[in-house]
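Worksheet: the structure to be examined is printed underneath.
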Amino acid sequence: MATLSGMKIHASLLMLCLAASLSVAQDTKPTTQSKFGPTVEIPADATHQMKIENEYIRAYYITVAPQQSTLMHHHGTDYVAVTFGHAVIDSAAPDGAVKHLVLEDGAVGYTPAGLVHAVTDMAPTTFHNATIELLQNHGHPVCVNNCASDPRAKDWPPLAKDSKLIGYGDTFRISETIIKPQETIATDEPFPHLVVVVTDMHAHTGPPGSGGMDFSQKAGDMMFHDGHANHGLTNIGTQDMRLIVMEFKPAPTKE
């Protein structure tokens, strides 16, 4: 028959074995660590520089040098992306799966919230991108490209003749405007809107020839404006000016 002292020793040995097994289990528990480091939220990734934040959007400008990568990061909000220049990137998921993407200048895409990835620039040139978080979309359907028959078209006035439809969300419309050298377009815009500059631009705002002012913007610049009456916009440069415009329905007034 085992003595009381022997039983105590046996119990102690069992406890030591159990503790050792738990320690091994904890050491082998999977983590979100990858070769890109732990997953972070966008503000913690230095390649994402926030340019605009308001009730409609958070807009980031992204720069990734050739053969360099972003951190593994989490997109917690639906977003629209605009590419600047020709781009060749690998988008890697935490499990190691990789999507190889070739994007052209001015390409517009939509991604719902939840994406976790790291982006590596595979081209010999720097990758530039605008990531525009849609703070009021909350997972509602978004159409980008081939959206002429989208039923939400009836909720918007016709686009100007110099603009081309890109897509719709429930509370916004995306279009592209190309302004040829010395051409003046109307800028009657009743809705708050984001302007994303795809090409360098040299422009005059105001009546052509007199009044107003000249100004310049670089490709990748972003500007947010409230709705305004027509003041005219003239391309005074020697190259086409290309703009992506996102119009937003005003947020409901809080009572």
Restricted to the stretch 118-135, and to residues that are under 13 Å from the mean Cα position of the chain (by Cα) and within 14 Å of HIS48 (Cβ to Cβ), which residue is surrounded by the most Cβ atoms within 10 Å (Cβ to Cβ)? ILE132
If you scan the stretch 155-189, which residues turn out to be surrounded by 13 or more Cβ atoms within 10 Å (Cβ to Cβ), over 28 Å from GLN239 (Cβ atoms) and not β-branched (Val, Ile, Thr)? TRP156, TYR168, GLY169, ASP170, PHE172
Filtered residues of the stretch 142-155 (kept if farther than 22 Å from VAL196 by Cα and in a loop (DSSP other than H, G, I, E, B)): SER149, ASP150
For the stretch 156-195, enumerate the residues that are out of contact with any strand residue (DSSP E or B) (no Cβ under 6 Å at 6 or more places or on another chain) and either part of a helix (DSSP H, G or I) or closer than 22 Å to TYR61 by Cβ (or both). GLY169
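Every number here is computed from the coordinates shown, using simple stated rules; none is lab data. Since we're looking at a predicted model, the values are computed, not measured. All Cβ positions, glycine included, derive from the backbone under ideal geometry; neighbour counts span all protein chains shown.
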